[in-house]
Structures are given as C-alpha cells and as structure tokens.
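The values are calculated or read from the model by the stated rules, or taken from the named source; none is laboratory data. As the structure is a prediction and not an experimental result, all values here were calculated from the model. Backbone-built Cβ (ideal geometry, glycine too); neighbour counts: all protein chains shown. SASA here: full protein model, heavy atoms, side chains in, ligands and nucleic acids out. Shrake-Rupley method; radii C 1.70, N 1.55, O 1.52, S 1.80 Å.
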Amino acid sequence: VSAAVHPLEWAEKAAAQEGGRSFALDRPPLLRFMLVKVDSDRHRLVVTIHHILLDGWSMPVLFGELFSLYRNGVDSSVLPPVRPYRDYLRWLDEADRPAARLAWQQALDGVEEPTLIAPAHQQTVPEVPSRLHAGLTVDASQGLHDQARVLGVTANTIVQTAWGVLLSV
C-alpha cells in the first residue's frame, strides 16, 4: 500500500490487505498484529485472528485484557488471575452427569426435527437423527492427547476440527 494517499485511507487499505492474507494451519502465527501510524499521535491496531484460535466467548476476554493492559501501561497485575485448565477438568470430572443429562433432556423436550446448519443442506429432505454412542479405547484416547500435545493444541481442538471436516463433507 502506497503512503502517498491520506494516512487514514492508507491505514484502511493496509488493514484490508492484512485481512485478506490467509493463514497456514501447519505453521504460526494464527494471530497477527499490525500497528499503523495514522498521524503523529494516532495509530490503528489491526488484529487478524484465525477462527480456529478464538471463538465468540474468547474474543471479549482477549480484547478486554489487551485494552486493560494498554490503559495501565502494560501492568499485568491489573489482569484477573488465570485459572489453570486442570481446574476445569477437575470440575468436569466432578460434575453431576445424570443431572446434566436431565437438564438437557428438559431443555430439548419438544424438539422434533433436525436443525439446519448450512445453506446447502436446506435443499435436502430432513431426516430424523439417530443416536450413536461411541467411545475411544484407552490407547486411542491417549493417542489423541499425545497428538494434541505435539501440535500444541487441546484434544478438544482436534475433535472440533474433525467435527467441522465431517460437517463439510
């Protein structure tokens, strides 16, 4: 992008160009920052994130913490303490599964037909879904966790990616 144009217009073009750059899932980064100087005392921060990295729940946390750090001179003591992921796993392990199952059955009581999730599927005849219960062997589960560790992601990320690929077929 040429800097011969107005700085704000240049910043917008640079942001659009950055947003058009693709990501490669097999190598970093999946999160990019670009700071564009608009004038002597104004800047524009462009944040480009692959959707596999953050979801709608995570974005406000990321930007809330980023803005808090900015307002407080990068003083990380202003951020709330981070709870370890193992706390969530412990909570999940201690959850009352029968109560959770009952709550979902009650929440979905009366739902009689499938939910359409993609425009291409709107042309098809709806089918009543069947139930499939499947589990992993201890070895397969360990393999999934080992692969996640190698890739630097969570096992859930691998499962969600596989689910996304399955839905796209």
If packing is taken as the mean number of other Cβ atoms within 10 Å per residue, what is the order of 33-44, 5-16, highest first? 5-16, 33-44
How big is D, in µm² s⁻¹, for the chain by Stokes-Einstein at 37 °C and 0.692 mPa s if Rh is the Kirkwood radius over C-alpha pairs? 155
Could you work out how far apart the two model spin labels at residue 91 and residue 112 are, taking each label as a point 7 Å from the Cα in the direction of the beta carbon, and quote it in nm? 3.8
Could you order peptides 102-112, 66-76 by the average number of other Cβ atoms within 10 Å of their residues, highest first? 66-76, 102-112
Please compute the modelled spin-label separation between residue 160 and residue 75, points set 7 Å along Cα→Cβ, answer in nm with one decimal. 3.4
Classified through the alpha carbon gyration tensor (a ≥ b ≥ c as square roots of its eigenvalues; rounded if a/c is under 1.5, else prolate when a/b is larger than b/c, else oblate), the range 1-77 comes out oblate
If you plug each phi of the range 132-141 into the Karplus form 6.51 cos²θ - 1.76 cosθ + 1.60 with θ = phi - 60°, what whole-Hz ³J(HN,Hα) values come out, in order, with x for Gly and Pro? 9, 9, 9, x, 9, 5, 4, 5, 5, 5
Calculate for the chain the 222 nm mean residue ellipticity that helices alone would give, adding -39,500 (n - 2.57) per DSSP H run of length 4 or more and normalising by residue count, nearest 500 deg cm²/dmol. -14500 deg cm²/dmol
At a threshold of 8 angstrom on Cα-Cα distance, excluding pairs fewer than six apart, so keeping six or more, what relative contact order does the chain reach in percent? 9
Accessible surface, 1.4 Å probe, highest first, among residues 47, 150: 150, 47
Could you pull the accessible area for residue 30 with a 1.4 Å probe, rounded to 10 Å²? 40
Given unit charges at Cβ for Lys, Arg (+) and Asp, Glu (-), the dipole magnitude of the chain about its Cα centre in debye, nearest 20, is 480
